[in-house]
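A.B. asks: One structure, pasted below without further comment.
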Amino acid sequence: MASTLCTYLKTSVMKKQVMAVTGLLLCGFLVTHLIGNCLLYVGSDAFNAYAHALTSNKLIYVAEAILASIFLSHIGLAIRLTVENKKARPVGYYMSQMTGNGATFASRTMPYTGLMILIFLVLHLFNFKFGPVYMTTLDGVEVRDIYKTVVEYFQSPLNVLWYIVAMIALGIHLSHGFWSAFQSLGFSHPKYNCTLKLTSKLFAVVIAAGYIALPIYCYLMGGK
Ligand code: HEM
């Protein structure tokens, strides 16, 4: 039993399935993070109150550890599958989905858009989470003015441009990844494939456009 599980865990099919599940969980994170960030449109108090509620909750450490594990598993497996398949045969199970018949620009560039998202994420955490700390008062409670950190960052047109480029890469990655995740989990049927591909593209556009609108808004409004 244990050895069967061990063998299964080593197969590329299993790795693809774990990648699919972690990828879909990350899609869920992207949706909730975008909804939370939309409080930037409401104003500084709403955004700071939301960020404070999140960061002051003790469970945040558990949530962050889970999120980090999901990100690391997804990235680690993507690297392993790409390397293994390139070594084993020119067109393996994983690579055939990306480069075989029906390959698209999005499927062929998955490793590159993925790498770009990783670079984006490291810089993003550095600039915001571990970025400049300002303080403000909300109902008599001293909280971090993360709104000021974000808006200040987006006063630079170069930073806005970088976010637009990175979010386009994210959109391209999602447009293939979302659909591919369902394929890997066995949700594949000629009757539904077209709808699934369309849903994937729609999801990618909504997420990318949603994240692109925020820096542009911050830049144009200057935090007012
Ligand atoms: C305009 C776009 C975005 C804005 C304005 C934004 C804003 C923020 C802010 C303010 C924080 C720090 C929260 C805090 O420590 O209080 C944060 C954290 C984070 N962001 Fe973003 N974000 C954006 C896009 C993204 C994207 C596209 C991703 C993923 C690819 C992402 C992933 C994360 C992660 C993983 C954290 C750390 C969460 C934690 O430690 O709890 N963000 N973001």
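A.B. asks: What do you reckon, is Met14 under 24 Å from Ser73 (Cα atoms) and surrounded by 18 or more Cβ atoms within 10 Å (Cβ to Cβ)?
C.D. replies: For Met14, the condition - under 24 Å from Ser73 (Cα atoms) and surrounded by 18 or more Cβ atoms within 10 Å (Cβ to Cβ) - is not met.
A.B. asks: Can you tell me which residues in region 197-217 are among the aliphatic types (A, V, I, L, M) and over 15 Å from Cys27 (Cα atoms)?
C.D. replies: Leu198, Ile212, Ala213, Leu214, Ile216
A.B. asks: Same structure again: Suppose we keep only residues that are small (Gly, Ala, Ser) and surrounded by 18 or more Cβ atoms within 10 Å (Cβ to Cβ) within region 98-154. Which one would you say is nearest to Ile216 (Cα to Cα)?
C.D. replies: Gly114
A.B. asks: In region 54-64, what count of residues is obtained for those that are part of a helix (DSSP H, G or I) and more than 10 Å from the ligand (Cβ to nearest atom)?
C.D. replies: So the answer is 1.
A.B. asks: Does Lys87 satisfy being in a loop (DSSP other than H, G, I, E, B), at pLDDT below 95 and surrounded by fewer than 16 Cβ atoms within 10 Å (Cβ to Cβ)?
C.D. replies: no
A.B. asks: Something else about it: Quick one: count up the residues across region 45-84 that are more than 19 Å from the chain's Cα centre (by Cα), exposed (fewer than 11 other Cβ atoms within 10 Å of the Cβ) and either under 23 Å from Leu174 (Cα atoms) or in contact (Cβ under 8 Å) with a residue 60 or more places away in the chain (or both).
C.D. replies: Residues flagged as more than 19 Å from the chain's Cα centre (by Cα), exposed (fewer than 11 other Cβ atoms within 10 Å of the Cβ) and either under 23 Å from Leu174 (Cα atoms) or in contact (Cβ under 8 Å) with a residue 60 or more places away in the chain (or both) within region 45-84 amount to 1.
A.B. asks: Based on this model, can you work out whether Val42 counts as at pLDDT 95 or above, over 14 Å from the mean Cα position of the chain (by Cα) and within 12 Å of the ligand (Cβ to nearest atom)?
C.D. replies: For Val42, the condition - at pLDDT 95 or above, over 14 Å from the mean Cα position of the chain (by Cα) and within 12 Å of the ligand (Cβ to nearest atom) - is not met.
A.B. asks: Based on what the data block shows, is Thr195 without any contact (Cβ under 8 Å) to a residue 60 or more places away in the chain and either exposed (fewer than 12 other Cβ atoms within 10 Å of the Cβ) or in contact with a Phe, Trp or Tyr (Cβ under 6 Å, 6 or more places away or on another chain) (or both)?
C.D. replies: yes
A.B. asks: Within region 163-194, can you find the residues that are at pLDDT 95 or above and either more than 17 Å from Val21 (Cβ to Cβ) or touching a His at 6+ places or on another chain (Cβ under 9 Å) (or both)?
C.D. replies: Tyr163, Ile164, Val165, Ala166, Met167, Ile168, Ala169, Leu170, Gly171, Ile172, Ser175, listed by residue number.
A.B. asks: From the list Tyr219, Tyr192, Tyr163, pick out the single residue that is part of a helix (DSSP H, G or I) and near the ligand (Cβ under 10 Å from one of its atoms).
C.D. replies: Of the residues listed, the single one that is part of a helix (DSSP H, G or I) and near the ligand (Cβ under 10 Å from one of its atoms) is Tyr163.
The values are calculated or read from the model by the stated rules, or taken from the named source; none is laboratory data. Just so you know, these numbers come straight off a predicted model, no measurement behind them. Note that we place each Cβ from the backbone using ideal geometry, even for glycine, and neighbour counts take in every protein chain shown.
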